[in-house]
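Here is the structure we will look at, set down as structure tokens.
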Amino acid sequence: MTVQPVAARDRTDLMALVEAAPHRYRVLTGDRPTGPLHLGHFFGTLAHRVRLQDLGVESYIVIADYQVVTDRDVAGDIPGHVREMLLDQFAAGIDPSRTTLFTHSAVPALNQLLLPLLSLVSVAELLRNPTVKAETAATGDRAMSGLMLTYPVHQAADILFCGANLVPVGQDQLAHLEITRTLARRFNDRYGPTAPVFVLPEPLVGRVPTLLGTDGRKMSTSRGNAIELRATADETRTLIRRARTDGDRRIAYDPVGRPEVANLLELAIDAAFGGLDDVLARGNDHANLIADQKLEQVRRAMNMAYT
Ligand code: TRP
């Protein structure tokens, strides 16, 4: 079924509209696998993801492994982080038999979409992106990589390859949604004036716009100020109490300290879904199928289909 863009007059209470007709929507969202998910993710988008999935909306979640290397030379334990990310999503209620979970690096056609999309944006526009600016500022004096500058376009490819018309994101990602819409519009105008290739997506913003971490800055794993989803109720309570009374104290969660819990969770996931590797393999296969089709459509629209 072809998913249509959400009509402008319909944007006010998107969730109510989705509830009334879930089959009209397709959702993509994602996270970079830099560490365990925290409460900022939960209120920002995770709660929405689960709700949309449970309503029967076709759902995709990208584990954005290429985005990890936008601002660091050493990516750390990516397979470990991908694994943690899967576990956290399952714990929150994501069901891999209903939601396609995939990694950037396993879907070549998605990445190739970056090339035509890059041709439609100017360097000046990329330099103006507020999120790129903020993230660069957060990494200190480090020189901005080409991938950092262009990652909003990569993110547009994530959204556009599967024809998502709804993107649950935190407030800080809104500028990326705007770029995505602009690129989709430009591509359609130039290459598909009579048969649009890309659907223009709408953001679905979480209840808490940007959650602050235990030091009062935006909650993020890399700032070490996050309250992780897998913390127990007691740990969460302690972190919150400490955050109120001592804004300077650094909070770091030590997964090595709780191996039993991690192990139990993994056993449960294995039993329920047949193993984490299988979940990703199935998700990546499905994402590749969809991405190949979209790339073919793009090639045809650009008059670059030679076979
Ligand atoms: N940039 C997002 C983040 O840091 C992760 C992400 C990658 C994403 N691709 C996406 C979010 C596509 C929404 C849609 O959280």
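Every number in this text was worked out from the coordinates using simple rules, so none of it is lab data. Nothing here was measured: the structure is a model prediction, and the numbers come from that model. Cβ atoms come from the backbone with ideal geometry, glycine included; neighbour counts cover every protein chain shown.
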Which one of the conditions (1) under 27 Å from Gly146 (Cα atoms); (2) within 13 Å of the ligand (Cβ to nearest atom); (3) among the β-branched types (Val, Ile, Thr) does Val74 fail to meet, given that it meets all the rest?
(2)
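In region 172-192, how many residues are more than 16 Å from the ligand (Cβ to nearest atom), without any contact (Cβ under 8 Å) to a residue 60 or more places away in the chain and basic (Lys, Arg)?
Start the filter on region 172-192 by keeping residues that are more than 16 Å from the ligand (Cβ to nearest atom), which leaves 185-192.
From the residues that got through so far, the ones that are without any contact (Cβ under 8 Å) to a residue 60 or more places away in the chain too are 185, 188-189.
So of that shortlist, the ones also basic (Lys, Arg) come out as 185.
Total satisfying the criteria: 1.
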Flagged in region 62-94 as within 20 Å of Thr45 (Cα to Cα), part of a loop (DSSP other than H, G, I, E, B) and of a type in the set (A, V, I, L, M, F, W, C), in numbering order, are Ala64, Ile94
Search result, residues across region 127-154 that are closer than 21 Å to Gly30 by Cα, surrounded by 15 or more Cβ atoms within 10 Å (Cβ to Cβ) and free of Cβ contacts under 8 Å to residues at least 60 places away in the same chain:
Asn129, Thr131, Val132, Leu149, Thr150, Pro152, Val153
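Would you check if Ala64 is more than 13 Å from the ligand (Cβ to nearest atom), among the small types (Gly, Ala, Ser) and either over 18 Å from Leu229 (Cα atoms) or under 15 Å from the mean Cα position of the chain (by Cα) (or both)? Lay out the reasoning, then the answer.
Values: more than 13 Å from the ligand (Cβ to nearest atom): no; among the small types (Gly, Ala, Ser): yes; either over 18 Å from Leu229 (Cα atoms) or under 15 Å from the mean Cα position of the chain (by Cα) (or both): yes.
Against the criterion (more than 13 Å from the ligand (Cβ to nearest atom), among the small types (Gly, Ala, Ser) and either over 18 Å from Leu229 (Cα atoms) or under 15 Å from the mean Cα position of the chain (by Cα) (or both)), Ala64 does not qualify.
If you take the residues of region 120-170 that are assigned to a helix (DSSP H, G or I) and of a type in the set (Val, Ile, Thr), which of them is farthest from the ligand (Cβ to nearest atom)?
Here is the first cut: in region 120-170, the residues assigned to a helix (DSSP H, G or I) are 123-128, 130-138, 146-161.
The next check asks that each one be of a type in the set (Val, Ile, Thr); those that pass are 123, 131-132, 136, 150, 153, 159.
Details: Val123: 20, Thr131: 8, Val132: 11, Thr136: 14, Thr150: 13, Val153: 11, Ile159: 5 Å.
Filtering region 120-170 for residues that are assigned to a helix (DSSP H, G or I) and of a type in the set (Val, Ile, Thr), the one farthest from the ligand (Cβ to nearest atom) comes out as Val123.
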Can you give me the number of residues within region 36-58 that are within 12 Å of the ligand (Cβ to nearest atom) and either part of a loop (DSSP other than H, G, I, E, B) or touching a strand residue (DSSP E or B) at 6+ places or on another chain (Cβ under 8 Å) (or both)?
8
Checklist (1) farther than 23 Å from Pro36 by Cα; (2) touching a residue at least 40 places away in the same chain (Cβ under 8 Å) applied to Ser105, failing item:
(1)
